[in-house]
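Written out below as structure tokens is the structure these notes cover.
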Amino acid sequence: MREARAAAALNHANIVTVYEIGSEREVDFIAMEFIEGKTLDELIPEHGLPLAKALNYAVQIVGGLAKAHSAGVIHRDLKPGNIMLTPDGLVKLLDFGLARRIPLGPMRDTTLTVEGELVGTPAYMSPEQAEGKPLDARSDIFSFGLVLYRMLTGREAFSGNSAAAVMAAVLREEPPPLGTKIPHDLQKLIMRCLRKDPARRSQSVAD
């Protein structure tokens with residue numbers, strides 16, 4: 001129900017539409033749009049996507065995230081498996097199952113405090129998420145950087161033999177170089193998204 005309420009608060013071309021939240025004969029249900037296509041995880045080839053295609057998808061992803069963040073919703077589990085591509089190339093962000101609705105006060109504070117709570121997918125977690133620290137929209141920015149890295153290279157930025165090893169890499173290591181085929185300015189953008197300290201990242205997806 002939390003997933004449905006978070007997603008139902010959003011209306012954007014790049015976010016799955018939730019039509020109804022209800023209960024019938026003691027069975028809770030969520031009715032959402034049917035999306036024909038494949039996940040980004042299924043579509044990324046071994047050596048990554050062509051640059052133009054990766055950038056097209058990236059722009060759509062941040063468009064959906066910007067809408068969510070402006071409504072006080074952070075995703076907390078952004079990864080290629082939660083991003084669908086329709087046959088005509090439209091991105092749809094799925095599975096707000098870990099999303100939380102954040103009250104937006106006069107200062108539009110979107111900080112979400114979940115200290116001690118470990119949620120998300122290790123290879124796409126932010127460092128603060130891996131440590132169970134308070135989260136805000138900048139956590140999604142780190143995850144977006146990881147998704148963009150995967151789209152361009154075909155590999156995870158952080159890897160290991162176990163979930164604990166992956167989280168240790170997220171916390172302490174830097175990702176391998178992207179390679180000379182990736183434009184320098186784009187590499188700088190990705191590395192800015194992947195800074196361990198949230199204060200040193202891009203501060204919003206609009207950036």
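Averaging 1/r across all pairs of distinct Cα atoms in region 130-177 and inverting the result yields a Kirkwood radius of 11.6 Å. In the chain, the longest principal axis of the Cα atoms and the axis of helix 51-70 are about 40 degrees apart. Counting Lys and Arg as +1 and Asp and Glu as -1 over every other residue whose Cβ lies under 12 Å from the Cβ of Gly89, the net charge comes to +2. Take 67-77, 39-49 and order them by the average number of nearby Cβ atoms within 10 Å per residue, most first; the result is 67-77, 39-49. Protection proxy ranking for 174-180, 123-129, 80-86, 25-31, using the average of other Cβ atoms within 10 Å per residue and placing the highest first: 123-129, 80-86, 174-180, 25-31.
Per DSSP H run of n ≥ 4, the term is -39500 (n - 2.57); total these for the chain, divide by its residue number, and report the mean residue ellipticity at 222 nm rounded to 500 deg cm²/dmol. After summing the helix terms and dividing by the residues of the chain, the value is -10500 deg cm²/dmol. I'm spelling it out carefully: the read-out is Cα extents along the principal axes in Å, the candidates are (1) 60, 38, 27; (2) 63, 31, 20; (3) 56, 40, 36, and one was derived from this structure. Which label? This structure yields the entry labelled (3). Cross-link pairs exceeding 23 Å between alpha carbons, from the set Lys38/Lys79; Lys92/Lys181; Lys67/Lys92; Lys38/Lys133; Lys92/Lys188; Lys133/Lys196: Lys92/Lys181; Lys38/Lys133; Lys92/Lys188. Note on region 115-207: semi-axes of the ellipsoid equivalent to its C-alpha gyration tensor, largest first and rounded to whole Å, are 21, 17, 10. Sequence-ordered 3J(HN,Hα) estimates for region 144-160 from the Karplus curve with 6.51, -1.76 and 1.60 and θ = phi - 60° stand at 4, x, 5, 5, 5, 4, 5, 4, 7, 10, x, 10, 6, 5, 10, 9, x Hz, glycine and proline given as x.
Based on protein heavy atoms only, the chain ends up with 51 Å² per residue of surface accessible to a 1.4 Å probe. For the chain, which whole percent of the accessible surface, found with a 1.4 angstrom probe, sits on carbon and sulfur atoms? For the chain, the apolar C and S fraction of the accessible surface comes to 52 percent. Across region 196-206, coupling constants 3J(HN,Hα) worked out from phi with the 6.51/-1.76/1.60 Karplus curve, θ = phi - 60°, read 5, 7, x, 5, 9, 7, 4, 8, 8, 5, 4 Hz, and Gly and Pro carry x.
The values are calculated or read from the model by the stated rules, or taken from the named source; none is laboratory data. Just so you know, these numbers come straight off a predicted model, no measurement behind them. Every residue, glycine among them, receives a Cβ derived from its backbone with ideal geometry; neighbour counts consider all protein chains shown. Accessible surface is based on the protein model in full, side chains and every heavy atom, while ligands, DNA and RNA are left aside. Shrake-Rupley method; radii C 1.70, N 1.55, O 1.52, S 1.80 Å.
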